[in-house]
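Let me begin by presenting the structure, written as structure tokens, before commenting on it.
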Amino acid sequence: MDSKDISALLGKALAVRKNSYSPYSRYPVGAALLAEDGTIYTGCNMENVSYPASLCAERNALGSAIADGKRHFRAIAIVGSLGDYTMPCGICRQVLAEFHVPLIICGKSEDDYRLFRLEELFPAAFTAEELKKE
Ligand code: THU
């Protein structure tokens, strides 16, 4: 991915962040997921008064892509709040690992971001291979 593609993905994440439902944390997050075929799926965080029922932006984006029949992805861009880079939470890292999302882009704006490889953020993952071991 070149910097133009990365900025475009971050732009989608910034746009969907406006729809975040986060009355409890007041910490809106937007995510944009690039599928292998070039389609972009977006998601924002969606909180609940029963706090554990809340969902992160990343998993909402992945859910939309899966519901649309996609299984292969190139990258996900994440934009949080408070002017810092927002890192995906542990549960989202597990879900990103399930679908081998190789590149994670944590952005503050369209041109201020950090790039991480999945293995870097989630080393020694529990994967489907573990279930095959005796
Ligand atoms: N959140 C996300 O949506 N993605 C992240 O990567 C980090 C955290 C949400 C969960 C909750 O709604 C709010 O941010 C504060 O934790």
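Filtered by the rule that a residue be among the β-branched types (Val, Ile, Thr) and open to solvent by 40 Å² or more (accessible area, probe 1.4 Å), the range 96-134 gives a lone residue, 127. Apart from one condition, residue 82 fits all of (1) away from the ligand (no atom under 12 Å from the Cβ); (2) on the phi > 0 side of the Ramachandran plot; the exception is (1). When the range 69-84 is filtered for residues that are in contact with a Lys or Arg (Cβ under 9 Å, 6 or more places away or on another chain) and within 19 Å of residue 55 (Cα to Cα), the ones remaining, listed by number, are 77, 79, 80, 81.
Selection of first residues in the range 86-99 that are in contact (Cβ under 8 Å) with a residue 24 or more places away in the chain and of second residues that are basic (Lys, Arg) and not in a helix (DSSP H, G or I), restricted to Cβ pairs under 8 Å at least 6 apart or on distinct chains, gives the following pairs, ordered by first then second residue: 99/71. When residue 38 is tested against (1) away from the ligand (no atom under 12 Å from the Cβ); (2) under 14 Å from the mean Cα position of the chain (by Cα); (3) open to solvent by less than 50 Å² (accessible area, probe 1.4 Å), only condition (2) is not met. Only residues that are open to solvent by 30 Å² or more (accessible area, probe 1.4 Å), under 16 Å from the mean Cα position of the chain (by Cα) and within 16 Å of the ligand (Cβ to nearest atom) were counted across the range 48-77, and they come to 7.
The values are calculated or read from the model by the stated rules, or taken from the named source; none is laboratory data. Quantities reported herein were computed from a predicted structural model and do not represent experimental measurements. For neighbour counting, all protein chains shown are included, and Cβ atoms are generated from backbone atoms with ideal geometry for every residue, glycine included. The accessibility values were calculated without ligands, DNA or RNA, using every heavy atom of the protein model including side chains. Shrake-Rupley method; radii C 1.70, N 1.55, O 1.52, S 1.80 Å.
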